Number of protein chains: 2
Amino acid sequence: MPVGTVATVKGVPQDILEELGVQILLGNTYHLYLRPGVETVRQLGGLHGFMAWPRAILTDSGGFQVFSLNELRKVSEEGVTFRSHLDGSSHFFSPESAMEAQIGLGADIIMAFDECTEYPADRARTKASMELTLRWAERSKKYFEEHKHEVPWNAAQYPVPSTQYPDGGATPAPMAGGNIWVLGTGYSTQSLFGIVQGGMDLELRKESAERTIEIGFPGYAIGGLSVGEPRERTREVVEATLQHLPADQPRYLMGVGTPEEIVEYASLGVDMMDCVLPTRAARHGLLFTAEGKVSIKQARYAQDAGPLDPKCGCRVCQRYSRAYLRHLYASNEVLAQVLNTVHNLSFYLDTMRRVRHSIQLGEESRFLSSVWSRPKP
Amino acid sequence: MPVGTVATVKGVPQDILEELGVQILLGNTYHLYLRPGVETVRQLGGLHGFMAWPRAILTDSGGFQVFSLNELRKVSEEGVTFRSHLDGSSHFFSPESAMEAQIGLGADIIMAFDECTEYPADRARTKASMELTLRWAERSKKYFEEHKHEVPWNAAQYPVPSTQYPDGGATPAPMAGGNIWVLGTGYSTQSLFGIVQGGMDLELRKESAERTIEIGFPGYAIGGLSVGEPRERTREVVEATLQHLPADQPRYLMGVGTPEEIVEYASLGVDMMDCVLPTRAARHGLLFTAEGKVSIKQARYAQDAGPLDPKCGCRVCQRYSRAYLRHLYASNEVLAQVLNTVHNLSFYLDTMRRVRHSIQLGEESRFLSSVWSRPKP
């Protein structure tokens with residue numbers, strides 16, 4: 001899932017994302033709550049209407065950003081007080097208010113409010129944090145069940161203002177010049193996923209998984225990783241946690257990873273992943289190719305007439321030379337960010353397509369060995 | 001002609017420019033000479049190959065930028081010494097070196113090196129400046145005639161390195177992953193246009209036009225306008241100058257203008273115009289619509305579900321709401337620049353399409369009256 005923090009995958013128009021084959025985007029509740037605000041998004045029909053994206057969307061709970069962007073946060077049983085990175089204003093997220101925000105944003109998949117345990121943490125601290133996340137998971141589910149029909153595209157609860165119906169209410173009107181947004185029937189709601197915590201402790205991970213499943217969600221995420229631990233430890237925790245999660249429900253590993261990592265975790269059984277790496281690296285001129293990473297800012301590419309990745313079929317590799325991409329980056333041109341992001345997303349989505357293809361063919365091992373034989377970045 | 005200063009229309013991929021119907025782009029010799037440098041562009045096949053743009057390109061002579069960006073320039077009979085805005089290094093442009101640069105950049109249309117007379121200027125100064133431009137026009141043409149076969153896509157003079165020919169020289173190879181660049185036959189060259197100066201003095205404009213025509217070029221530009229004079233004066237000078245320029249050759253008015261102005265100048269007989277206004281205004285959130293200018297940053301658009309311009313068929317107006325465009329701009333998101341620029345270019349190109357259509361129908365007056373009846377921005 002490409003990350004579209006404030007309802008945009010930085011620099012890439014939505015129709016290009018569609019062409020790339022993006023099936024689902026991630027939005028960040030923390031950022032959207034601060035700007036443009038939940039009420040604005042709700043009034044525009046939720047994120048789908050607001051950002052003109054008819055495909056799937058997932059929002060995180062806001063918890064991770066509160067923990068990673070806020071040094072002044074204050075955690076209590078009730079929730080978290082934090083300061084806006086935009087203007088320093090004080091805000092409060094509880095399981096209930098995080099659900100309220102995510103229902104208003106109207107993504108297809110939303111996440112329980114959790115505490116992301118810091119790394120390193122001792123066993124007592126890890127267990128206490130896990131218990132808090134479990135209590136918050138129950139409160140998240142309770143609020144969601146009581147309010148899930150308030151999602152903005154649920155027409156039965158939230159009739160669209162009659163100004164949007166030219167004939168007075170019978171037919172949804174075109175929004176923004178032609179696109180018809182199909183409104184909910186009054187029966188569809190979002191899906192709330194639970195999040196497993198437990199730090200680096202495999203026993204606590206098992207307990208967290210089992211007790212989260214007991215609460216009951218249509219999908220489960222593994223949170224609290226990629227927080228500074230060594231990569232081998234990540235893999236160990238992922239592998240140990242996965243065996244306690246139902247294989248017939250989506251298993252979502254949050255916040256990973258490199259192309260090699262997403263192949264590896266998919267092979268372990270992870271179904272969903274999100275990461276800022278392809279888009280953020282693109283903005284820094286770091287490009288993923290079949291031949292390893294390319295730092296396009298390097299002078300060695302200044303007169304290189306070849307494509308960025310000769311094996312890539314994306315619109316960037318089909319049209320532009322490394323010399324041109326290098327020039328755009330060196331000149332600090334906006335098109336550098338646009339083209340670099342399109343390519344990196346294409347590389348990631350291609351990787352996942354190959355993973356899916358490989359799974360369909362039942363040839364995971366052959367696929368993996370071919371991946372590992374490629375030069376390492 | 002949209003302006004693509006350093007071989008990119010800021011923020012817009014080339015395929016979107018093609019979809020918009022852009023027939024010709026302008027590149028700035030001054031900027032390209034400084035970065036990435038003429039030799040780099042030449043080695044990549046000229047601007048067409050470098051920026052992967054198979055349609056037409058025009059480069060200015062560098063003169064205007066030297067005058068507008070350089071407070072420390074020093075003009076002599078020989079040429080102009082100036083400092084780079086990038087690193088302060090010292091450079092020299094003469095008619096000969098400006099031609100050499102433009103031949104290396106390989107645009108389809110290139111411009112004689114001229115002095116853009118400052119505004120205001122008295123008659124003596126204006127005449128002296130006009131005489132200098134005339135002498136430089138002769139030198140520009142002389143150098144061009146002697147070196148025009150050195151254009152990088154002229155295969156007879158500049159065979160493409162054999163590495164680009166997989167079969168050793170018979171066939172042009174795909175560049176950057178698939179596009180075949182058709183190389184010159186050895187007979188095609190660029191077109192060098194002359195520039196009429198003469199300040200705001202209609203007699204000097206007439207003299208400049210007649211003596212530039214005497215030197216002889218395949219097209220003529222009107223330079224030295226949009227330099228701070230009142231708009232009525234611009235129109236007066238354009239109208240007076242046009243009657244001395246051959247109607248069966250392209251007449252190019254440099255550096256204008258607003259949508260209303262380009263319609264007006266086209267009705268006077270101008271064939272070509274370039275301006276940074278649509279792209280620069282877009283970056284500042286100023287958008288042109290059939291109902292006048294829209295400053296998308298305004299809070300009044302924060303929850304506006306309607307399209308930017310209900311009468312516009314561009315991909316931005318067809319998909320996104322004003323609320324979303326306002327959010328992108330307020331959040332300082334790169335996509336704001338991309339989408340705003342696409343819309344403004346679409347508006348300008350639509351305007352020119354309507355102008356051409358109107359000319360074809362012989363209904364200029366009817367078209368103009370319908371334009372003037374629209375609300376003024």
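Worth pointing out:
- Extension gain, A:ARG35 back to A:GLU78 (0.36 nm per residue minus Cα-Cα distance, nm): 13.1 nm
- Mean Cβ neighbour count within 10 Å, used as a protection proxy, ranking A:88-95, B:125-132, B:4-11 highest first: B:4-11, B:125-132, A:88-95
- In chain A, Cα pairs under 8 Å separated by at least six residues give a relative contact order of 13 percent.
- Using a 4.7 Å Cβ-Cβ cutoff, the cysteines of the protein assembly as shown lacking any partner cysteine are A:CYS116, A:CYS275, A:CYS314, B:CYS116, B:CYS275, B:CYS314.
- The calculated FRET efficiency for the pair B:LYS142 and A:ALA290, based on their C-beta separation and a Förster distance of 41 Å, comes to about 0.20.
- Solvent exposure of region A:222-377 amounts to 41 Å² per residue of accessible area, where only protein heavy atoms count and the probe is 1.4 Å.
- Rounded to 5, the percent of DSSP beta bridges in chain B classed as antiparallel: 40
- DSSP beta bridge pairing in the protein assembly as shown, given as percent antiparallel to the nearest 5: 40
- Cα-centred dipole magnitude for chain B, charges only on beta-carbon of K, R (+1) and D, E (-1), debye, nearest 20: 1260
- About the centre of its Cα atoms, the protein assembly as shown shows a dipole size close to 220 debye [charges on the beta carbon of Lys, Arg (+1) and Asp, Glu (-1) only; nearest 20 debye].
- Placing a label point 7 Å from the Cα of B:GLY216 along the Cα-to-Cβ direction, the distances to the matching points in the other copies come to 9.2 nm, shortest first.
- Neighbouring Cβ atoms from other chains, within 10 Å of the Cβ of residues in A:138-148, number 0 on average.
- Violating pairs (Cα-Cα greater than 24 angstrom) within the set B:LYS10/B:LYS74; B:LYS141/B:LYS206; A:LYS10/A:LYS141; A:LYS10/A:LYS297; A:LYS74/A:LYS127: B:LYS10/B:LYS74; A:LYS10/A:LYS141
- In this calculation the C-beta distance from A:GLU260 to A:LEU361 is compared with R0 = 25 Å, giving a FRET efficiency of 0.80.
- Averaged over peptide B:28-35, the number of partner chain Cβ atoms lying within 10 Å of each residue's Cβ comes to 1.
- Calculated from the alpha-carbon coordinates, region A:1-75 shows an Rg and a Dmax of 13.1, 43 Å respectively.
- Protection-proxy order for peptides A:298-310, B:195-207, each taking the mean of Cβ atoms within 10 Å per residue, highest first: B:195-207, A:298-310
- Gyration tensor (Cα) of chain B, equivalent ellipsoid semi-axes in angstrom: 33, 29, 20
- Model label points for A:LEU202 and A:ASN332, set 7 angstrom from Cα along the Cα-to-Cβ axis, are 5.1 nm apart.
- At 1.306 mPa s and 10 °C, Stokes D of region A:1-148 from Kirkwood alpha-carbon radius, µm² per second: 100
- FRET E, pair A:ARG300, B:ASP87, Förster distance 22 Å, beta-carbon r, rounded to 0.05: 0.55
- Position A:ASP271: other-copy label points at 6.4 nm, ordered by increasing distance, label point 7 Å along Cα→C-beta.
- Summed side-chain charge close to A:VAL238 - residues other than A:VAL238 whose Cβ falls under 12 Å, Lys, Arg +1, Asp, Glu -1: -1
- Base-10 log of normalised Debye intensity for region A:189-300 (one unit scatterer per alpha-carbon) at q = 0.13 Å⁻¹: -0.54
- Largest accessible area first, the residues B:HIS284, A:HIS31 order themselves as B:HIS284, A:HIS31 under a 1.4 Å probe with ligands, DNA and RNA left out.
- Calculated SAXS-style log₁₀ I(q)/I(0) at q = 0.20, 0.31 Å⁻¹ - region A:91-131, Debye, Cα scatterers: -0.70, -1.01
- Counting Cβ atoms of other protein chains within 10 Å of each Cβ in B:303-310 and taking the mean gives 5.
- Near A:GLY4, once Lys and Arg are set to +1 and Asp and Glu to -1 for all other residues with Cβ below 11 Å from its Cβ, the sum equals -1.
- At 7 Å out from Cα toward Cβ: A:LEU72 inter-copy label distances (nm, ascending): 4.4
- Rounded to the nearest Hz, the phi-derived 3J(HN,Hα) couplings of region A:15-29 under the Karplus curve 6.51 cos²θ - 1.76 cosθ + 1.60 (θ = phi - 60°) are 5, 6, 4, 4, 4, 6, x, 5, 9, 8, 10, 10, x, 9, 4, where x marks glycine and proline.
- Estimated translational D of the protein assembly as shown in µm²/s (Stokes, Kirkwood radius over Cα pairs; 10 °C; 1.306 mPa s): 55
- Listed residues A:TYR119, A:GLY49, A:ALA281: farthest to the positive end of the dipole of chain A (Cβ charges): A:ALA281
- Under the simplified labelling scheme, the B:LEU69-A:LYS311 pair shows an inter-label distance of 4.1 nm, with each label point 7 Å from Cα along Cα→Cβ.
- Karplus 3J(HN,Hα) series, Hz, for region A:253-259 with 6.51 cos²θ - 1.76 cosθ + 1.60 (x for Gly, Pro): 9, 7, x, 10, x, 6, x
- For chain B, the carbon plus sulfur part of the accessible surface works out to 51%, probe radius 1.4 Å.
- Interface of A with B. Using a 1.4 Å probe and counting protein heavy atoms only, the two chains hide about 4100 Å² of accessible surface, both sides summed.
The values are calculated or read from the model by the stated rules, or taken from the named source; none is laboratory data. The structure presented is a predicted model; accordingly, all values stated were derived computationally and were not measured. Every residue, glycine as well, gets a Cβ built from its backbone with ideal geometry; the counts of neighbours run over all protein chains shown. Heavy atoms of the whole protein, side chains included, go into the accessibility calculation; ligands, DNA and RNA do not. Shrake-Rupley method; radii C 1.70, N 1.55, O 1.52, S 1.80 Å.
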